[in-house]
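Below is one structure, written out as structure tokens; comments come after it.
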Amino acid sequence: MTNKISLVLNGETVKTDCRPDTTVLEWLRGERLLRGSKEGCAEGDCGACSVLVRRAGEENYSPANSCIMLMGQLEGGNLTTVEGLAASGPDGHEVQQVMAENGSSQCGFCTPGIVCSLAGLMDRNQSPSDSDIHDALAGNLCRCTGYRPIVEAAHAAAAAATAKSDVLQASKVDLDPADGVGDDGCRFYLPKTLQELVGLRAEHPDAELLAGGTDKALAVAHAKERWPKTISTRNVAELRAINTQDGAIHFGGATTWEEVLPHLEAHWPSFATLVRRFGSTQIRAMGTMAGNLANASPIGDGAPCLIALNASITLANQDGERTLPLDAFFLDYRKSALAADEVIKSVSVPLPTEGEAFRVYKISKRYDQDISTVCGAFNLKLTDGKVTSARIAYGGMAATPLRATSAEDALIGQDLHDAAVLQAAKQAIGSTFTPMTDMRGSAQYRAKVAVNLLDRYVRDISGETVEVMAL
Amino acid sequence: MNVKPDPASLKIERQVVGKGYAHDSARRHVRGEAIYIDDMPDLPGTLHVAPILSPVAHGKLAGVDTSNCAAAPGVVRVLTVDDIPGKNEAAPILHGEPIFADGLVEHQGQIIGAVVAQSLAEAIQAADLVKLDIEELEAVFDVETAFAANSHTHPTQHLVDGDAASAIADAQHRISGQLQMGGQDHFYLEGMVAYALPGEDREMLVWSSTQHPSEVQVHVALALGIKSHEVDVQVRRMGGAFGGKESQATIVAAIAALAANATGKPCRFRLRRDADMAATGKRHGFVMNYDLGLQANGRITGMKVEALANSGHVADLSGPVVTRTLTHLDNCYHIPAADFLGFAAKTNTVSNTAFRGFGGPQGIVATEAMIDIAARQLGLDPNEVRRVNYYGSETGEVTPYGQDVDDNRILDVVDRVMQNAEWDRRRKEIDAFNAENTILKKGLAMMPVKFGISFNLTALNQAGSLVHVYQDGSVHLNHGGTEMGQGLYTKVAQVVAEVFGLPLDDIKITPTTTGKVPNTSATAASSGSDLNGAAAFNAASAIKGRMAAFAAQEFGCDEADLVFANGQVAAGGQSMAFGELAHKCWFARISLSANGFYATPEIHWDGANLRGRPFFYYTYGAAVAEVVIDLLTGENRCLRADMVQDCGKPLNPTIDLGQIEGAFVQGMGWLTCEELWWDPSGKLRTVGPSTYKIPGSRDVPPEFNVEILDDKPNVHETVFRSKAIGEPPLMLAISVWLALRDAVSSLSGGKLAANLDAPATPERVLFAVEDMQRQVSELETK
């Protein structure tokens, strides 16, 4: 039998028996004939498909990439599209009013997605700064305008809005999500407890384990895969928690980057700055810290930061739990220690102690929403000018995220500002890695930058301005 | 200079023209109500098409086994070259450029065939099941290898003016070297798409995201073996094009039509992003070998350039692209002796094509780099070297290809931009910043742009329109230009509204279609509003003339006394609504429909000798950019840009401003973060936005100032004395790249030129920094 997917679409409760592995974009354009949302890339990068999503229990809408979001993920959620915003009044949402008048659209193909991103921004933030607006637009590419009028429209719309958009408020309806949707041909499990989750994982080792799906679902978006069985971690109560205990923060396995962000901001501002460059607002609303690690990509930015912070990862199955230091979790290129019957229960990060200076640097062709050529994370503890502990980890330099342990050894017990010490540590970094050449950078460039980033770190913690974005 | 006096008519206050109306579709854009081709409702029975792409860069295509593919779920037909009833021909200029590979594949991503299925997903999945028997051949990927082998796609062009070799040999100073610049993907947000509907007999209606409906019509007819009058091609709007949909839309439309023809069903063919980027052409990358002679004061005596364009596997538009490179190597500078060789190198990469600027930007980049290098070698300020070489009475006013620069505003735009940018103050501040900072360095640069307006090939400079006035006074407007976001439809509607004295809303803009206006040129070369605006002006004026003759009779006045304004027609104390007059004209059996035609005057071009007056006029602009670079990583950023752009009397300053800002950011992307990267097998690995990085909103300079110069009407007789705007401002972004070079040069106190190619990715900047540090330390040890 079919368990239909229930959601609120543009304020109206809808039940659909579409396959839960259908992308939201495909469903909107194909089944609902709502063709305002566009496919620009089918990889969650250009933002032309952006819609507003509010999942059960969330206060605000977030923009999301409908091209890589599956219908099963929307069970019990609220979905508002550009058409829904337009229906909110004779001239639509404030963002639509301003953008229609100030030259914010040329070809118009990216425009519906930009409208959704900015409407989502206004739902969370009624007086955004330029930087907030750039964060909100990082997942929306426009090839025509040069963005200036769009950024101005965001300011003007925020100034014009007297209250949160009525249409968004009115369409916030909490439905109780089912614990599974679909039928025998395509089943999408939405367990609510850890026990149910690990039980399903044991029962269906062939099922796809899905967190945010912001990388994994690309295969579906590209029509290369269909998923007859999917187990979502999203609604598992134990995995949705973030708590501080025993000198560490424990991030539940289904917490999104957007949910993690304020905690990073409080303890590791440099990590937070990195996360704001991590995908886009759309991606961070869906993508999880655990998913980023489970992906075991050598260029995921979460891993080097968390390794440098000495994080540990707790894996669970029906028999219990085990906890590993994070650097032991990565076995090889896209291969982790996560067994077929396990899930990531949590990621634990020890809180910073006196004298610790954590910094992470992401080098990429574009500042926002790019994948790192090199990502270097540094966490040194300095006591009376001497390095008392050091953890340095890189992404993009090897088949897995990797620590530069010999460089750490060269620094521990030494004076960081001793040129010979720094030189030795830099040499150690150089000899640790044999990076590869690809479209993001040559091996020589990666090697050079990895070494230079230690230089940057030393200057940075001394108070020097070290990044072009600081100007 | 030979500037014509402004006609008295230019002093008339315009009602509609010159006002900054919003884009006609803006409201529909923001509401998600603008219908692009893929948004059209599916007609019953619609099938979907996916391409079969070559996995090999160069090889003999011995066999295509489609049996597995044909048997896959949902598959209706599989098409290969054998299924083309007419000609397998997509070449826009030459011939022998296939729709489907025929016995030979020449680049990875070349289209070999197409799968037609019930759904797009089924078509894509089945396309992977085709078995290809390809015998690999040696592939060539770089233009220098092709140049050495004299392997080209289009005959080599050689523009010679005077004796450059002697001028350079005899010069006091000489610089020579090589500069490389990458190509650029258009990254229009809407991928290529076509939807074909078979009609009665052999008729075919094709909705195509094309800048060139007439060319699509010709090639669909050729492919189907039918006549042009059996094909109708329509397009209401594109989601961006930038030149990418000028010639390259043809193949997509032809395949949709072939599928519709083979199945008898409506067929939709949309290239998804990865296939679009693999299978369709881009801006040409170039290698420039240069040799320049100069006097001690920086005055150029002779310039020799070998401009080697990466044409890709076939010519496409590479011939005229290279022509435009050669005719823009002068930029704003008088070159006393020129020897410009243009070579369209044949390589086993996707065939490159038109892209905003059409070869012009590459020529200007090369020349501006030469000036930067020469100035530092001579110990001069690059802007002083520019100044002694500008076209003018003291240097000369004839280009190497023989055209008079008769509308020169170079000094005007340069002086304004230097003033707007507060150059002197900021130059000092930047030098002080660089003296204080060890790892962050700033750079500043100014450059002017002169860009020739008209298609080089004279024949293309023609346009048509069709205007109807209905009995209620509402107006139907159609013309051969296409709307890709640039606001052409809005501008042309303003022209027609102005002629009739009607509010803009009374003009109904209708989709471009080959059935209404035939034999059109591509909407390209910045010429859209010049050509189509003039053609629409002529059509509207013809109708207005008939209406005026009738109204003069009715009013008993002279035609000259009639005023068409605010929806009224008036003379003396009498007036009537425009709609009333239209109704009366109908009753009196006066035709209220007219086609309009326009052919650009004064231009001529000898393509064999590269001589003539190819351009009706020039536009001028200038920019100053400030950047900062990081010596440890090469990361860089533009902090401020100031631009001045001559728009004549703009038809719509709001739309022109959008073109200037958008072009600048797009040009900045080309020269900084946008990098096409092929692996050693010739596979393009940057086939989506996750790997190919176009500028985002944060990349726009935080200080971003544009001044539109609207004080001088075009001295040449364009429609309402406006000037073209689509392409020229893209080249203003070269200032960003020059500022990056300046920042690298700062390590030598500005004395040495940076060894920096384009795009200036962080990697290229870092290596240029290292190269500069090496040069400086060598100098110091000497």
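Toward the positive end of the charge dipole of chain B, with +1 on the Cβ of Lys and Arg and -1 on the Cβ of Asp and Glu, the farthest Cα among B:Asn461, B:Ala522, B:Leu477 is that of B:Leu477. Considering only B:Asn532, B:His229, B:Asn714, the residue lying farthest towards the positive end of the dipole of the protein assembly as shown is B:His229, judged by Cα position with unit charges set on Cβ.
Of all aspartates and glutamates in the structure, the ones whose alpha carbon falls short of 14 Å from that of B:Lys516, not counting any fewer than 8 places away in one chain, are B:Glu230, B:Asp232.
Given an 8 Å cut-off on Cα distances and at least 6 residues of separation, report the relative contact order of chain B as a percent.
On the way: 1986 pairs, mean separation 119.2, N = 782.
The value is 15 percent.
For the peptides A:391-400, B:325-334, A:122-131, the ranking by mean Cβ contacts within 10 Å, running from highest to lowest, is B:325-334, A:391-400, A:122-131.
3J(HN,Hα) along segment A:303-314, derived from phi through the Karplus expression 6.51 cos²θ - 1.76 cosθ + 1.60 where θ = phi - 60°, amounts to 4, x, 5, 5, 5, 4, 8, 6, 6, 10, 10, 10 Hz, with x in place of Gly and Pro.
One-quarter of the Cα convex hull surface for segment B:345-388, in nm²?
Numbers: hull surface 18.3 nm².
Over every viewing direction, the Cα hull of segment B:345-388 projects on average to 4.6 nm².
For segment A:191-352, relative contact order (Cα pairs under 8 Å, six or more residues apart, normalised by length) works out to 26 percent.
Is the C-alpha gyration tensor of segment A:1-177 telling us rounded, prolate or oblate? Criteria: a/c under 1.5 is rounded; beyond that, a/b larger than b/c is prolate, otherwise oblate.
Values: a/c = 1.98, a/b = 1.48, b/c = 1.34.
It comes out prolate by the Cα gyration axes.
Amide H to amide H distances under 5 Å link A:Leu210 with A:Ile231, A:Ser232, A:Thr233, where only residues 5 or more positions off or on other chains count and H is placed in the peptide plane. Rounded to the nearest 500, the helix-only mean residue ellipticity at 222 nm of chain B stands at -9000 deg cm²/dmol, with each DSSP H run of n ≥ 4 adding -39,500 (n - 2.57). Working from label points 7 Å from Cα in the Cα-to-Cβ sense, the A:Asp409 to B:Ala169 distance is 6.5 nm. Which percent of Cα-Cα pairs in segment A:356-471 sits in each 10 Å bin, short to long? Spelled out per bin, shortest first, that is 14, 48, 31, 7, 0.
Under 20 Å from a label point set 7 Å out along the Cα-to-Cβ vector of B:Ser474, the amide N atoms of segment B:552-581 belong to B:566-569, B:577-581. Mean projection of the Cα convex hull over all viewing directions, computed for segment A:191-352: 9.1 nm². Of the trypsin sites (Lys or Arg not before Pro) in segment B:45-133, not one is in a loop by DSSP (not H, G, I, E or B) with at most 10 other beta carbons within 10 Å.
For chain B, the fraction of C-alpha pairs farther apart than 33 angstrom is 54 percent. Set the Förster distance to 30 Å, then compute FRET efficiency between A:Glu152 and B:Glu397 from the Cβ-Cβ distance, nearest 0.05. FRET efficiency, A:Glu152 to B:Glu397: 0.15. The ranking of B:Phe269, B:Phe564 from fewest to most other beta carbons within 10 Å of each one's beta carbon is B:Phe564, B:Phe269. Each label point was placed 7 Å from the Cα along the Cα-to-Cβ direction; for B:Asp133 and B:Trp423 their separation is 6.7 nm. Put a plus charge on the Cβ of each Lys and Arg, a minus charge on the Cβ of each Asp and Glu, and nothing anywhere else: the dipole of segment A:340-444 about its Cα centre is then about 280 debye.
Taking the Cα of B:Trp586, stepping 7 Å toward and past its beta carbon, and measuring to each backbone N in segment B:455-471: which are under 14 Å? B:468-471, by backbone N distance to the label point. Charge dipole (Cα centre; +1 on Lys/Arg Cβ, -1 on Asp/Glu Cβ; no other charges) of segment B:587-743 amounts to roughly 560 debye. Rounded, prolate or oblate: which fits the protein assembly as shown, taking a ≥ b ≥ c as square roots of the Cα gyration tensor eigenvalues, rounded meaning a/c under 1.5, else prolate when a/b beats b/c? Oblate. When only alpha carbons are used to place a centre, segment B:531-549 and segment A:123-198 end up 50 Å from one another.
What the phi angles of segment A:245-257 give under the Karplus curve with 6.51, -1.76 and 1.60, with θ = phi - 60°, is a coupling list of 7, 6, x, 9, 9, 10, 9, x, x, 10, 7, 7, 4 Hz, glycine and proline written as x. Here the peptides B:603-611, A:293-301 are ranked by packing, the mean other Cβ count within 10 Å, and the order with the highest first is A:293-301, B:603-611.
Taking a straight line from the alpha carbon of B:Lys751, these lysines sit under 22 Å away, with near neighbours fewer than eight places off in the same chain left out: B:Lys428, B:Lys441, B:Lys442, B:Lys782.
Rounded to the nearest 0.05, what FRET efficiency do A:Ala399 and A:Thr323 give with R0 = 22 Å and r taken as the Cβ-Cβ distance? Could you check?
Details: r = 24 Å, r/R0 = 1.09.
Efficiency, rounded to the nearest 0.05: 0.35.
Relative to the Cα centre, the charge distribution of the protein assembly as shown, modelled as +1 at Lys and Arg Cβ and -1 at Asp and Glu Cβ, gives a dipole magnitude of about 320 debye.
Each part reduced to its alpha carbon centroid, segment A:320-389 and segment B:148-226 end up 49 Å apart. When the protein assembly as shown is described by a simple charge dipole with +1 on each Lys and Arg Cβ and -1 on each Asp and Glu Cβ, the residue from B:Ala194, B:Ala577, B:Leu752 located farthest towards its positive end is B:Ala577. Spin-label pair B:His229-A:Thr2: with each label point 7 Å from Cα along the Cα-Cβ axis, the two points sit 5.1 nm from one another.
Looking at segment B:471-537, which trypsin sites (Lys or Arg not before Pro) are in a loop (DSSP not H, G, I, E or B) and have at most 10 other Cβ atoms within 10 Å? Of the trypsin sites (Lys or Arg not before Pro), not one in the loops of segment B:471-537 has a Cβ with at most 10 other Cβ atoms within 10 Å.
Extension gain for A:Leu351 to A:Leu33 (0.36 nm times residue separation, less C-alpha to C-alpha distance): 109.5 nm. Take the Cβ atoms of A:Arg226 and B:His95, set R0 to 41 Å, and the FRET efficiency comes out at 0.40.
All of the numbers you see were taken from the coordinates with simple rules; none came from a lab. From a predicted model like this one, the values you see are computed outputs, not experimental measurements. Glycine also receives a Cβ, built like all others from the backbone with ideal geometry; neighbour counts cover every protein chain displayed.
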